[in-house]
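Undergrad: I have a structure I would like to understand better, so I am pasting it below and will then ask my questions one at a time.
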Amino acid sequence: MADEVELYDVISKVRGDLVRAMWEGEDKDLRFRLESVELQLEVAVVKTTKGGGKVKLVVLDADAAKEKATTNRHHVKVVLSPRLAGTPDEQPWVSGPTVEGEE
């Protein structure tokens, strides 16, 4: 698996895309409340021998899924409930902060 993408990388990318969507939609009339993000992925559990042995989840792409390797593959569903650091009890808006009168 030469171009490994770890689960951490996928979640970091989703976080970055959500932040960008919030900023780009800040002045738009149509707004979306962010309730949850669900990712369904096929992963392989990989154990490395460097650094005392580490186990990591590597997300498989379509090409890797077609290979007839002996790698143990697992389907995982990750549900993220994004919250802003300053208001952890509120669901954030994808398109920016709440406008007065908006529910």
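What follows draws every value from the coordinates through simple rules; no lab data is involved. All figures in this text were calculated on a predicted structure; none of them were measured in a lab. Every residue, glycine as well, gets a Cβ built from its backbone with ideal geometry; the counts of neighbours run over all protein chains shown.
Undergrad: Amide H of Leu34 versus every other amide H placed in the peptide plane: which residues, excluding those fewer than 5 positions away on the same chain, fall under 5 Å?
TA: Counting only residues 5 or more places away or on other chains, the set is Trp93, Val94.
Undergrad: Extending each Cα 7 Å along its Cβ direction at Leu39 and His75, get the distance between those two points in nm, one decimal.
TA: Rounded to a tenth, the inter-label distance reads 1.8 nm.
Undergrad: Extension gain Asp61-Arg83, at 0.36 nm per residue separation less the Cα-Cα distance, in nm? Could the numbers behind the result be given before it?
TA: Working: separation 22, 0.36 × 22 = 7.92 nm, distance 2.84 nm.
That works out to 5.1 nm of additional length.
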